[in-house]
Each structure stands twice: as C-alpha cells, then as structure tokens.
C-alpha cells in the first residue's frame, strides 16, 4: 500500500510510535517559527529548560503581531526576543520584514521538511510541500531544545482538484468551498492533502492561501505536492537547491476524498461570524460596504497585491469605504514600490499599512459600529476585529478590491477579461532585516534584556488525588481562543504577563469570570462542541491555569487547545454522554473523587455534581506520554523530570 505526501514526511521524521491512526507519534522537527504575540512566552519557557543553543536546522523568531506600540510593553518584548535569539541560536526577523508565514514561505520553507510554529496558521508552509503544524509555545520550545513533537496520527483526506479556475475566481474561493463542505470542525484529527490535475494550475502563493486557511477546518495541517511549480517558485527566490520532489503514491489510501471542480467555482464569502458560513457574492451583491482590508498571512503575496493594484489603477475608492492594504513582506512591499503598483494603490485612495498582521488580530483598523468589513483574512470570529458588533466577511482580494471601488458587495466577474499576472522569474532578494544569532563562542557574553512586563510562567503542581471545585463558567459550542483569551491592541501587549492578561480571560463571554475564578481559587469550566477552535495561543490555557482552573469538561475539543491544556497541566475531559452537559449549571460544586488513580489507570473519570447529587462519566483521552504530563503537572515539569 502506497503512502500519502504527509505519511511520507511523517515516516521520514518518526522518532517514536507507529503510523496508526489514533496513536501518538513523535516527530523530529527540522524548523520552528514563533511570532511576538506567542514568542515571548515560548522563549521564557525555552530558557526554563536550560538548553544553551537550539538544536533545529533553522529556528526563526518573527516580529509581526504586536507592532502597534502605544506603550513600552511591545517594544520591551521585541528587545527581549532579539536578545534571546542572539544568545540561543535563533534567527530574528525584525519588525517591518513581514508576516511570519509569508516570509517563511519566501525565504526559509523547504519541501519535505517538518515545521512547527507557535501560530495556528503555520500550515501555510504546506503550500511549498512542508509538513507544517501550528502548536503551543511550549511545544515549540521543546522542539527547539531537540525534543520530539507529538501528535495523534491523523486520518488522511484527499481534496481532488479538477479543471481550472475561471477568470476572477481565486484560491481563496477554493478554500472557502472546502470549508463549505467540511465545516470548521470537519478537519479535526485529519491532514488535508491536495491532488489532481487542478493542482498544476495553482502557483505556490495560491497553494499557500489554501493551506493557510486549512487551519479554519480544525485540521492538523494541509499539504500540496512539491512539483515543478514549487521548483519555479524556489528558483525565483534564489533557493532552487532547496527543492525536493514530493508526491503521493498512486496507490495511496485516503480515509476521505472530496471532489472540487475548479471550473464550477464562483466568488464566495464567509459571512459573520464563522469561516464556514459561506454564501456566493451574487447572493450578497448590492449590500453596502463600510470597510475593506486587504492583506494578512492568507492573501498578501506579490500575486495578490498585483491583482489588487490592477483593479484599482486609475480608479477611486468609493466615498463610503475605508480601504486599507498591507503587503505581506518587505520583499513584496519593495517590489510594489519599484514597479509602480504601490503608487496605483495610493492614488486610488488606499491606506497603506506596514507589513504585519495588523487588522487581522484587531491590531488597528477596527470597523465602525455595526460596520460591514470585507477582509481577505482567515478568521471572522465575533469581536476579533476590535469592534464588538462588527460584521466581518472573508473574501478574495479580487472581490475586496472591486467592492472597495463600488461601495457595495460586487462580483469581480463584472470586470470582464482578467489581467494575466505572472510570478516574476526572479524576486527581489534582500534579507538585511533578518539578524543571524551570535557565534557559539560569543553566546555566553550576550545579555538577555528583560522589561518589567515580562513575568514568569505560572506555577504548576502535580495532579492531586481528588479535585473538588465549583463550575466557574458554562459556555456553548464553537468557543474560540478569541473568546477565551481575546486579541486586539489593548490585550496583546500583555502576552508576556500572565497575571495581567488573565484579567481579560473569557470576558467576551462573561465579564465577571476572572474575578469569580480568582475568588474561588480553583474551579472547572464546562463547554460544548469544538471547544478552543482557532488560534494556537497557549495563553488560552495559561490564563485559566493562573486563575485556578483545574479541568475543562466539554463535548469535544479543538486539537491545539487540547494540547495546550495538557501542557499546562489542566485536565481535558469530555462528556461520555453529551446530554450530561445539561446536568451542570454555573456555580454547581463538582467533585472528581478518584481523579489521580483514574487518570493513571486510563479509566473513566467520575464527576459527581454535589449540588444535584448526580454522577457524570467523563473521558480523558490521553496517550501514555500525555498521561504522564498531566500527572506531573504539565509539560515543563515533565520535561524537567525526564531530562
């Protein structure tokens, strides 16, 4: 039986376990990336491990999230990260060099390699044929120290692409079509692999758009073949020596196959407030638009920007629309400036932003109250834009640009014949914004620079024999990490300060939660399906840890958040009978009388609602390794015990 692309990469990097679906496998990691919203904590964790120099082939720290500096906090974090990089062997991508996933694709990604990043959109690297996975910062720290990265061996999904996209239909419409089929939880426990003749019609940046938004499926990752299209991209980046051909075997077996006929696709939009709430642009046509934002790690490539510039050239943004554009990297920005495309955007009335995440994480450019904002981003969760009642739609750059001109939702196919914009034969290559680490002989003399906003990792302790705690919060289905630990310009600067950021934990759902949880001392959170979907931010586990949360009992978990809870030593419990969710109310006293023995022996966890005298059975799906982590009190404690 043949192997899929993902199975081939996993097999080549397997250090423990067997490639059997549902079993834990440990992988050797070739590359890591961090960004500044998660990186400060990741490097605090790395320092706690006491390993002098990273052991990966390439580790890169990017400054791209917290670039709005309204106080000292972000600047201090950036200075801290740069000093850690210099001392410990990590490359440092300075603010202004671009968004981590865009830059990594351009300058560092290699087909056939493994990459984990402390950002959920790390699967962007799958567009170049990497096994690229989003993870919590502590997992990344362990990988930098030479440790394996563990995942549950996923199922394999094949998305078979046939035909060719029609003019003005884009790669963004492909992934929105996949989301329409699979939903935001349909990819949990799966790797999505793209194949078929239609793959050959897509450039690497277009493939990366698709793998980037694969994170919204809940998938472990997404991956494309590495073929002649990949070789051409790497050649244009001056990196042809990094090319490796990689494809699935003809007799590879998939657990699921999805057919997408590119000829039949039309421009689509994800409507508020979920990436899988899909409608055609025709269905929305004529609806007034207040704001348009073009950029993010999903759609900020040279190709995307050139198509937008072509649409805007010689025209003017509608009077009722604010248009903001952020090129994804310094490379893209510089090329647009040199070829005149940037001037076309500016002349049309676009507001040009720096090469950073910006509005995608609520870092500026929040829309007006109840404002309709068309964005080429990957997420439209409620409140993520920074405006609580903002109406956020996810669309292609083509749809965004033409709608900015008309002031209403507009199908870009109205523009007639599409411009034929090709990738350049050679990109402008200038890596002067990437700082190399200090040589080994100089590393001991490097001083780590810490600001007052940088606090220690929260205290952890081994699992106790029993737990008795109140239900401090009860929430419903599809709770995102933005619900648990909001982003935005006010809160993101606190990412290195868990005590302070914990004051905002779950305030989107319940403004009293932080105060209540702290007063209780220890508590349990109850939730519904797909709990923790979205970002890889481990702060969504660390803030509850600081507030005394001992267990989270839900109907089902999103992959990365469950891993982060385990790493933090918080019990991830699922209702054996989902209807038991209705047996717990806010404030009920819950007891787990034999929890340590039940976890140690792998049996069902007993939860007694002392308020109602009802007994509930819960599962705690753990491998031998993650069971040991929970018993130890978290991954840091486990790593120290086993180093």
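The values are calculated or read from the model by the stated rules, or taken from the named source; none is laboratory data. Source: prediction; values computed, not measured. Every residue, glycine among them, receives a Cβ derived from its backbone with ideal geometry; neighbour counts consider all protein chains shown.
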*residue 115 vs. criteria in contact (Cβ under 8 Å) with a residue 24 or more places away in the chain and assigned to a strand (DSSP E or B)*: yes
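Right, residue 547: closer than 16 Å to residue 522 by Cβ, modelled with pLDDT of 95 or more and surrounded by 14 or more Cβ atoms within 10 Å (Cβ to Cβ) or not?
yes
Going through the stretch 406-420 one residue at a time, which ones are assigned to a helix (DSSP H, G or I), in contact (Cβ under 8 Å) with a residue 40 or more places away in the chain and surrounded by fewer than 21 Cβ atoms within 10 Å (Cβ to Cβ)?
The answer is 406, 413, 415.
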*at pLDDT 95 or above and more than 23 Å from residue 629 (Cβ to Cβ) - does that describe any residue in the stretch 561-577?*
yes
_Complete set of residues in the stretch 437-483 that are in a helix (DSSP H, G or I), in contact with a helix residue (DSSP H, G or I) (Cβ under 6 Å, 6 or more places away or on another chain) and either under 21 Å from residue 59 (Cα atoms) or not assigned by TED's automatic domain parsing to the domain that holds residue 534 (or both)_ = 443
*Which listed residue, of 394, 423, is touching a residue at least 60 places away in the same chain (Cβ under 8 Å) and either more than 26 Å from residue 481 (Cα to Cα) or outside the structural domain of residue 288 (by TED's automatic domain parsing) (or both)*: 423
*So which of 590, 631 is assigned to a strand (DSSP E or B), closer than 27 Å to residue 516 by Cα and in contact (Cβ under 8 Å) with a residue 60 or more places away in the chain?*
590
*Here are some residues: 226, 247. Which one is in contact (Cβ under 8 Å) with a residue 12 or more places away in the chain and either under 23 Å from the mean Cα position of the chain (by Cα) or buried (at least 24 other Cβ atoms within 10 Å of the Cβ) (or both)?*
226
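If you scan the stretch 336-355, which residues turn out to be in contact (Cβ under 8 Å) with a residue 60 or more places away in the chain and over 23 Å from residue 68 (Cα atoms)?
The answer is 338, and nothing else.
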_Looking at 596, 562, can you tell me which residue is within 31 Å of the chain's Cα centre (by Cα) and surrounded by 14 or more Cβ atoms within 10 Å (Cβ to Cβ)?_
562
_Those residues of the stretch 9-27 which are closer than 16 Å to residue 221 by Cβ and crowded, with 19+ Cβ neighbours inside 10 Å, in sequence order_ = 9, 10, 13, 25, 27
